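Shown next, in structure tokens, is the structure this report addresses.
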Amino acid sequence: MRAIFLGLVLLCAAAAPSWAADDGGIFARGDANGDGAFDIGDPVYILRFLFSNGGDGDCLDALDVNDDGQINVADAVSALAFLFGEGPPPPPPFLRPGRDETADELTCLRGLQEETILSYSPKQCERDAWDTGFEGKEEARVAAWIESLGGRVSEVRIEYWPYPVCEACGCPRGYSILVRVAGSEAIAQLLRYGFMPIVPVGPVDPIDPVLPIDPIVPFVPVAR
């Protein structure tokens with residue numbers, strides 16, 4: 001059945017259009033439908049996008065599974081080959097979102113228009129940018145600093161790690177700062193500073209898929 005499906009896809013290659021646009025934002029390659037996972041729904045989305053005007057195409061970079069700078073049937077084939085264990089994984093950024101390291105004309109508006117969740121782990125003996133010139137608890141200082149970069153912060157949370165940590169200078173302090181922020185320029189600066197984007201997956205905490213849901217520690221709304 002798989003061989004028949006791949007054969008039908010390849011027969012349609014000549015009819016597939018090629019798409020191009022301006023540079024893009026933050027995305028996870030292969031997550032064509034934007035549901036935070038890479039599964040059979042993504043090559044199906046690509047084929048619908050190519051042949052039946054399905055999908056809104058808000059992140060063409062994510063559809064470019066083989067990273068050749070074009071959206072065509074080869075991307076669906078590459079996705080299927082990897083999902084069924086016969087092909088290599090998509091090039092970065094894969095699984096965790098990031099920016100496209102390959103120069104092309106494709107765009108991703110998904111990361112530019114929607115909020116992005118990022119995580120940062122402060123280190124022992126080191127002062128961060130929000131430790132100077134901003135007042136209040138750390139959550140409020142982080143929010144104020146991000147807003148000074150032009151970002152729009154809706155939520156901030158501190159998650160303490162459930163295990164002992166090193167107390168030497170340069171070691172993590174034992175907690176992560178998680179923020180939900182919008183604004184492409186601010187997000188780009190946060191990534192350069194060391195924040196890491198998070199992909200929500202499965203029935204786990206949507207702001208941190210690594211840590212289990214803790215109903216006692218809710219989001220901390222940003223005070224206005």
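The values are calculated or read from the model by the stated rules, or taken from the named source; none is laboratory data. Only a predicted model underlies this, so the values are computations on that prediction, with no experimental measurement involved. When we count neighbours, we look across all protein chains shown, and the Cβ atoms used for this are built from the backbone with ideal geometry, even at glycine.
So is Pro92 farther than 30 Å from Pro164 by Cα, touching a strand residue (DSSP E or B) at 6+ places or on another chain (Cβ under 7 Å) and not in a helix (DSSP H, G or I) or not? Walk me through how you get there before you give the answer.
Working: farther than 30 Å from Pro164 by Cα: yes; touching a strand residue (DSSP E or B) at 6+ places or on another chain (Cβ under 7 Å): yes; not in a helix (DSSP H, G or I): yes.
Against the criterion (farther than 30 Å from Pro164 by Cα, touching a strand residue (DSSP E or B) at 6+ places or on another chain (Cβ under 7 Å) and not in a helix (DSSP H, G or I)), Pro92 qualifies.
Is it true that some residue in the stretch 78-94 is more than 27 Å from Gly194 (Cα to Cα) and among the polar types (S, T, N, Q)? It would help to see each step written out before you state the result.
Start the filter on the stretch 78-94 by keeping residues that are more than 27 Å from Gly194 (Cα to Cα), which leaves 78-88.
Still in the list and also among the polar types (S, T, N, Q): 78.
Yes, that holds for at least one residue.
What's the number of the only condition in (1) within 24 Å of Gly36 (Cα to Cα); (2) part of a loop (DSSP other than H, G, I, E, B) that Val153 fails to meet?
Unmet condition: (2).
Exactly one of these conditions fails for Phe49: (1) within 26 Å of Gly183 (Cβ to Cβ); (2) without any contact (Cβ under 8 Å) to a residue 40 or more places away in the chain; (3) not charged (D, E, K, R). Give me its number.
(1)
Checking the conditions here, which among Gly87, Gly69, Gly54 is in a loop (DSSP other than H, G, I, E, B), modelled with pLDDT under 80 and more than 30 Å from Ser154 (Cα to Cα)? Step through it out loud before you land on a result.
Working: Gly87 fails: modelled with pLDDT under 80; Gly69 fails: modelled with pLDDT under 80.
Checking each option against the conditions leaves just Gly54.
Among the listed residues Ala79, Ala62, identify the single one that is in the same structural domain as Ala32 (by TED's automatic domain parsing) and either surrounded by fewer than 20 Cβ atoms within 10 Å (Cβ to Cβ) or over 14 Å from the mean Cα position of the chain (by Cα) (or both).
Values: Ala62 fails: either surrounded by fewer than 20 Cβ atoms within 10 Å (Cβ to Cβ) or over 14 Å from the mean Cα position of the chain (by Cα) (or both).
Only one candidate passes the filter, namely Ala79.
Checking the conditions here, which among Arg173, Arg152, Arg157, Arg127 is under 19 Å from Ala188 (Cα atoms) and assigned by TED's automatic domain parsing to the domain that holds Leu191? Steps first, please.
Values: Arg173 fails: under 19 Å from Ala188 (Cα atoms); Arg157 fails: under 19 Å from Ala188 (Cα atoms); Arg127 fails: under 19 Å from Ala188 (Cα atoms).
Being under 19 Å from Ala188 (Cα atoms) and assigned by TED's automatic domain parsing to the domain that holds Leu191 holds for just one of Arg173, Arg152, Arg157, Arg127, which is Arg152.
State which residue is surrounded by the most Cβ atoms within 10 Å (Cβ to Cβ) when the search covers only the stretch 97-139 and only residues that are at pLDDT 80 or above and touching a Ser or Thr at 6+ places or on another chain (Cβ under 6 Å).
Restricting attention to the stretch 97-139, the residues satisfying the condition of being at pLDDT 80 or above are 100-106, 116-139.
If we keep only those that are touching a Ser or Thr at 6+ places or on another chain (Cβ under 6 Å) as well, we get 119, 121.
Numbers: Ser119: 19, Ser121: 17.
Among them, the one singled out is Ser119.
With respect to Glu147, determine if the residue is exposed (fewer than 13 other Cβ atoms within 10 Å of the Cβ) and on the phi < 0 side of the Ramachandran plot. Outline the logic, then answer.
Details: exposed (fewer than 13 other Cβ atoms within 10 Å of the Cβ): no; on the phi < 0 side of the Ramachandran plot: yes.
No, not satisfied.
Considering only residues of the stretch 168-201 that are over 18 Å from Ala129 (Cα atoms) and touching a Gly at 6+ places or on another chain (Cβ under 9 Å), which is modelled with the highest pLDDT?
This residue is Ala182.
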